[in-house]
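Report on one structure; see the data block that follows.
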Amino acid sequence: MEILYLSIALFLLLTLVAGLWRVLQGPTSADRMLAAQLFGTTAVACVLLLAQAFEYPPLRDVALIFALLAAVAAVAFIRRAWAAEEQNDVSD
Amino acid sequence: MTLLQLMFDTLLGFSLLWLAWQALTSPDLFRAIVLFIAFGLLMALTWIRLDAPDVAMAEASIGAGLTGALLLSALARLGSKNGSRAILEKKHQAGSMTENTKNQLPFRLLLMVLLLAVAAGLVYVVLTLPENIPGLGILVEENLESSGVSNPVTAVLLNYRGYDTLLELSVLLLTLLGVWSLGDMTKQHESFPGPVLSTLSRLLVPLLIMAAGYLLWVGAHAPGGAFQAGSLLGAAGVLLLLAGWRPGTRLAGLPLRISLVLGVAAFVAAGMVFILLGRQFLEYPPSFAGVLILLIEAAATLSIGITLAALFLGGRPKFSQPKFSRPKLNQPKSSQPKFRRHK
């Protein structure tokens, strides 16, 4: 089972690296932020798989922290960065 | 180590280096921030692979979560009218300085030589390290029973090396004092949070506080502890601030300041009490150590959380509630600058 879990974790890491393309390309900042949000979800799955693969339950707490905090950066983006951008667009 | 683990680690290592390079060289600041958030995520995964779940937790909460929100907020402030004008002026200055940079070539070469010397020194030190040194791990294991906790990391942080943690807490407090000395909180013209954000903050804040309590408790015998719990508490504060909540007149004064210094104060008090009983500073008697560590950590968690949230506020809080403005549809938005400088 360890091999299965580790290969899925490796695959998830590969998808994460592939997702970096979207961060680099954009084109809008929302695309970049959503890619980062997706990385958060991927990281949760990846950590949970590692916890199973190495049979080390405390790693699940790391996944818990990832899951809880993923929303904070997104909210900061919507409330601060995106709002400022929209306002600049309107005033230009 | 199996082949799969090797592949995982190699991919992780190379993407980390690549991300770090991209984040540093990106001309677009927003892209740099998103790359930094991704860097934090991968860094946490790396700490897990290095068998350091405690550090992974701190990195996950501070590196990927809180710093991202802080940087995005700072970028928004830069993007405001005052900020962008300042950047433009800087660019003008930079444009006229390109001729000067040519004269700086010898200086740059000297800098490169010095940096290479430092790098060579570091490589030399790493290569000449004796192999298979046991380190202090054995000593920690032997004395774990008298430390009051069964998680060796917490034992080192709160008992054997209490000084370090005390000074770390003081650094955090000093950072906040530095930010506060720069001026009052800038008045932000916030829009109404809206139903989704209100619901999210009502659901997530209690969960964050509960998880902080859990990490504080679990830190005695498993990965976790005051800094991790404190950063979750800080995230709860940041979420409340983003949803438009501001400390009221009653809270922003003395209660806020007391809770900020509570961690350091409790730590110092616990250290001093046993001097009176003929022990060293921060030397706890083994029978009380467990309870004392939990008490100190609880105070530290509260202080760390509130300090982080106060840092996000970006200035000394004023004694007033913000006035929400409902989104105005007819009025031109540009009439009101979004981020006004304090007077």
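The values are calculated or read from the model by the stated rules, or taken from the named source; none is laboratory data. As the structure is a computational prediction, the values presented were derived from the model and not from experiment. Neighbour counts are summed over all protein chains in view; Cβ atoms, including those assigned to glycine, are modelled from backbone coordinates with ideal geometry. These area figures cover heavy atoms from the full protein model, side chains too; ligands, DNA and RNA do not enter into them. Shrake-Rupley method; radii C 1.70, N 1.55, O 1.52, S 1.80 Å.
Evaluating 6.51 cos²θ - 1.76 cosθ + 1.60 at θ = phi - 60° for every residue in segment B:233-241, the Karplus couplings come out as 4, x, 5, 4, x, 4, 4, 5, 5 Hz, glycine and proline recorded as x. Surface burial for B against A, with a 1.4 Å probe and both sides summed, reaches about 5000 Å² of accessible area. Coupling constants for segment B:47-62 follow from the phi torsions by the Karplus curve (6.51 cos²θ - 1.76 cosθ + 1.60, θ = phi - 60°), and in residue order they are 4, 5, 5, 8, 6, 10, x, 4, 5, 4, 5, 4, 5, 4, 7, 8 Hz; glycine and proline get x.
Its relative contact order, with pairs defined as Cα atoms under 8 Å and 6+ residues apart, puts segment B:200-244 at 44 percent. Where the centroid of each part is defined by its Cα atoms, how far is segment B:190-211 from segment B:114-149 in Å? Cα centroid of segment B:190-211 versus Cα centroid of segment B:114-149: 44 Å apart. Annotation: Cα Rg of segment B:214-274 relative to the compact-globule expectation 2.2 N^0.38 Å equals 1.40. Accessible surface of B:M43, taken over heavy atoms with a 1.4 Å probe and every protein chain present, rounds to 40 Å². Sorting B:195-201, B:212-218 by average packing, meaning the other beta carbons within 10 Å per residue, from highest down gives B:212-218, B:195-201. Among rounded, prolate and oblate, which fits segment B:193-300 when a ≥ b ≥ c are the square roots of the eigenvalues of its C-alpha gyration tensor, a/c under 1.5 means rounded, and a/b larger than b/c means prolate? The shape class here is oblate.
Descending by average beta-carbon neighbour count within 10 Å, the peptides A:47-56, B:286-295 line up as A:47-56, B:286-295, the highest first. Partner shielding of B:236-243 amounts to 3, given as the average count of beta-carbon atoms from other chains within 10 Å of each residue beta-carbon.
Per-residue mean of foreign Cβ neighbours for B:16-29 is 1 (Cβ atoms of other chains, 10 Å radius). If R0 equals 25 Å, the separation of the Cβ atoms of B:Y163 and B:L277 corresponds to a calculated FRET efficiency of about 0.85.
Across peptide B:60-71, the mean count of Cβ atoms from other chains lying within 10 Å of each residue's own Cβ comes to 6. The Cα trace of chain A gives Rg and Dmax of 16.5, 58 Å, the first to one decimal, the second as a whole number. By accessible area, using a 1.4 Å probe on protein heavy atoms only, segment A:2-91 has 67% of its surface on carbon and sulfur.
The GNM of chain A, with springs linking C-alpha atoms under 10 angstrom apart, assigns the highest mean-square fluctuation among A:V17, A:V72, A:V44 to A:V72. In this rough spin-label picture, where each label sits 7 Å from Cα along the Cβ direction, the B:V171-B:L115 distance is 2.3 nm.
Of the solvent-accessible surface of segment B:199-303, computed with a 1.4 Å probe over protein heavy atoms with every protein chain present, carbon and sulfur atoms account for 76 percent.
Between B:R250 and B:E145, the contour length at 0.36 nm per residue exceeds the Cα-Cα span by 33.3 nm.
Taking amide H positions as modeled 1.01 Å from N, with prolines and chain starts lacking one, the residues under 5 Å from B:R316 and 5 or more places away or on another chain are B:G183, B:D184, B:M185.
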